[in-house]
Amino acid sequence: MPTLTSMSAPTHQAEAVLEVAARYHHVDVFTDVAYAGNSLTVFVDPPHLSTAQMSKITKELRHFETIFLTSAAVRGTVEARVFDLHEELDFAGHPVLGAAAVLHRRSGVPPEEEREWTFVLAARTVQVTTRGDAAGHVSALLDQGRPELIHRASPSDRPAIAAALGLAEGDLDPALLPEVISTGLKYLIVPVSGQDALARARITRPDFDAFLAGFGAQFAYVLDPAGIEGRHWNNDGLLEDIATGSAAGCVAAYLLRQGLAAGGERVHLSQGRFVGRPSTITVTAYGTPDAVVRVTVGGDIAVVGTGSLHVLPPLEPQ
């Protein structure tokens, strides 16, 4: 009778001959421990991939977003393309921070020494600073530049905004008005009154895209200013985001504009509690309430693992 060793040997041999088509890194962003925060896959200098192939890989891996980097460790300048489960994104915060942490670990930077990275994205070019410690833990800080105030809602807009989010007008913070702010993506920041309102918030309008467009916004971010905690969903309301880096910079600007944070003050924004993935985003706005000159968004990144693709999606006919 064959032994267990002899029976299993052919399986190991078969696995050994599989070729690696592309390698990736799996990290969790905005957390210092694995299996929390916002998960991400990072491809560093993969083989040439079409847009359709990158989209299919992202959907196969099923993380919220995947980022593909080229020219990675050459000049500290990185060309990056970001995909979520639906489309390619012009800009996204947590993929850039997670990717920078991966590059930092790969580059062998000495502990406590900072490294600067330039990410060239579809919508804009941004700067990221990374730092690691002797244990290999890495944090990253993204400079999102000067935020833009797109629109300030009026008191008469409050009932419709509240209803679109499954809330009553009284659930909105009575002292604050929603504003649309952008650091690359346009978010309607909706301040609510307390954690109960935040817990009940949800997208209820089937035409939420069109509703937001009426305010000049692309997305909405519901914020409890007292608890410094927020929530964000895809516009169909079916999927809640764990930690939204692109919105966090807008929140930083909003807090400074409303006098809820001082210029240069580091604020810890919580998100992800309602989906079991607690995340902490460190945000800072610089300037004054009347003139916010720039915002930064940062956090810790936990390395979960690495993986390999043995097969790439086929190229689609031209």
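Computed values, structure above
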quantity: Inter-centroid distance (Cα atoms) of the range 31-65 relative to the range 93-159, Å; calculated: 17
quantity: Longest site-free stretch - the chain; sites: trypsin sites (Lys or Arg not before Pro), DSSP loop, at most 10 other Cβ within 10 Å; calculated: 76-318
quantity: Vicinal HN-Hα couplings computed from phi for the range 233-238 (Karplus, 6.51 cos²θ - 1.76 cosθ + 1.60; Hz; Gly/Pro x); calculated: 10, 4, 5, 7, x, 8
quantity: Two-decimal Rg/Rh across the chain, once Rg and the Kirkwood Rh are taken from alpha-carbon atoms; calculated: 1.03
quantity: Angle in degrees between helix 4-16 and the longest Cα principal axis of the chain, rounded to the nearest 10; calculated: 60
quantity: Semi-axes of the equivalent ellipsoid for the range 114-156, Cα gyration tensor, largest first, Å; calculated: 33, 15, 7
quantity: Cα-based convex hull, the range 148-299, per residue volume (Å³, whole number); calculated: 93
quantity: On Cα atoms only, tilt of 93-107 relative to the major axis of the chain in degrees; calculated: 40
quantity: Shape call, the range 266-306: gyration tensor on alpha carbons, a/c limit 1.5; calculated: oblate
quantity: Between 0 and 90°, nearest 10: helix 51-61 axis offset from the chain longest Cα axis; calculated: 90
quantity: Amide H contacts of Val190 (H built 1.01 Å from N, under 5 Å, at least 5 apart or other chain); calculated: Tyr221, Val222, Leu223
quantity: Low-density loop cleavage sites - GluC sites (Glu not before Pro) in the range 189-292, where at most 15 other Cβ are within 10 Å (DSSP); calculated: Glu265
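Values in this text are rule-based calculations from the coordinates and carry no lab data. Just so you know, these numbers come straight off a predicted model, no measurement behind them. With ideal geometry, Cβ positions are generated from the backbone for all residues, glycine too; neighbour counts draw on all protein chains shown.
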